Amino acid sequence: MKKTTMKSKSPIVAKVTATDERIQVLWGNHSKITARTSDRPTIQAFYREVLGCEVGIGPQHVGGPSDTDRIRFPNDFIIGVHYDDSALSDADQKKAIWLELKTTNPDDLKRRVQEFGIQGFDYFDKDHFYFQAPGGQVFRIAD
């Protein structure tokens, strides 16, 4: 790969280009979080009851964690939840990746999240509802 320096005022200072081949990079359909074991019942209930996900036992890989749930969204996006009592605090989880939940009825989903007992948090994007799910994952609701 050839590295070329760009001369602009944008925050991108270098661009890497392939010289012999083109590659395409896409988001996959898997994500993983680590949550405290004590949060497991609330995590399972939230994803199943509020978001309509299928919740089951996650894969058991040799050398991997033995306590894992697999949460499958209706569009086959999967969140693996590894349970470990040394998981990051909710405040530290807010520093991790945030995901978007797309829905045909954002107001109804927001209401369901709040009825579950989760309040949103203030963020500069006032056009969307942001919240932290049980286990720490941050979502925004969009249509």
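The values are calculated or read from the model by the stated rules, or taken from the named source; none is laboratory data. The shown structure was predicted, so the numbers you read here are calculated from the model rather than taken from an experiment. Cβ placement follows ideal geometry from the backbone for every residue including glycine, while neighbour counts extend to all protein chains displayed.
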Please tell me if Ala87 is in contact (Cβ under 8 Å) with a residue 60 or more places away in the chain, buried (at least 18 other Cβ atoms within 10 Å of the Cβ) and not polar (S, T, N, Q).
no
For region 90-107, which residues satisfy the criterion of being among the aliphatic types (A, V, I, L, M) and either more than 18 Å from Val138 (Cα to Cα) or buried (at least 16 other Cβ atoms within 10 Å of the Cβ) (or both)?
Leu101
Return yes or no: is Asp90 touching a helix residue (DSSP H, G or I) at 6+ places or on another chain (Cβ under 6 Å), more than 17 Å from Val50 (Cβ to Cβ) and modelled with pLDDT under 95?
no
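With respect to Lys110, is the statement that it is in contact with a Gly (Cβ under 8 Å, 6 or more places away or on another chain) and within 17 Å of Ala142 (Cβ to Cβ) true? Lay out the reasoning, then the answer.
Details: in contact with a Gly (Cβ under 8 Å, 6 or more places away or on another chain): yes; within 17 Å of Ala142 (Cβ to Cβ): yes.
When the stated conditions are applied, Lys110 passes them.
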Only residues in region 68-82 that are at pLDDT 95 or above and surrounded by 15 or more Cβ atoms within 10 Å (Cβ to Cβ) count as the first member; pair them with residues that are among the hydroxyl-bearing types (Ser, Thr, Tyr) and not in a strand (DSSP E or B), Cβ under 6 angstrom, at least 6 apart or cross-chain, and list the lot.
Ile71/Tyr47
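Would you check which residues across region 32-42 are within 15 Å of Leu88 (Cβ to Cβ) and either among the aromatic types (Phe, Trp, Tyr) or not in a loop (DSSP other than H, G, I, E, B) (or both) and list them?
Passing the criteria: Lys32, Ile33, Thr34, Ala35, Thr37, Ser38, Asp39.
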Cβ-Cβ distance below 6 Å, separation of 6 or more or different chains: which pairs start in region 110-135 with a residue that is closer than 18 Å to Asp90 by Cα and end on one that is among the polar types (S, T, N, Q)?
Pro134/Thr42
Which of the numbered conditions does Ile57 fail, given that it passes all the others? Conditions: (1) surrounded by 11 or more Cβ atoms within 10 Å (Cβ to Cβ); (2) modelled with pLDDT of 90 or more.
(1)
